[in-house]
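These notes are about the structure you will find just below.
The values are calculated or read from the model by the stated rules, or taken from the named source; none is laboratory data. Please read all numbers here as calculations on a predicted model, not as lab measurements. Here the Cβ is made from the backbone with ideal geometry for all residues, glycine too, and neighbour counts use every protein chain on show. When the accessible area is computed, the model is the full protein with side chains, heavy atoms only, and any ligands, DNA or RNA have been set aside. Shrake-Rupley method; radii C 1.70, N 1.55, O 1.52, S 1.80 Å.
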Amino acid sequence: GFTGSVPSEVGKLLNLHIFWLLNNAINGTIPTEVGMLSNLTELRLDNNTITGTIPPEIGNLSSIIKIVLNDNHLSGAIPPEIGIPP
């Protein structure tokens, strides 16, 4: 599987629709730049070792249908921005 962290450059993948990195050894935090992926419909980062909080910028994902982040080492509450339609 994949190791390392999700780079902030992921925010440049503007035509990305599905981003799946589940069941790997991804660590570090979820970069705020993920919120720039306006065409993203699915974000799956489950079953990794990601730490930190869920960035509120994920609330900017206007096309998102599914977000799966379970089985990580995330802390804090789910940001209120997630679930508020753009």
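Listed values, structure above:
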| quantity | calculated |
| --- | --- |
| Test result for Leu43, surrounded by 12 or more Cβ atoms within 10 Å (Cβ to Cβ) and not charged (D, E, K, R) | yes |
| In the range 68-86, the residues that are within 21 Å of His17 (Cβ to Cβ) and open to solvent by less than 60 Å² (accessible area, probe 1.4 Å) | Val68, Leu69, Ile82 |
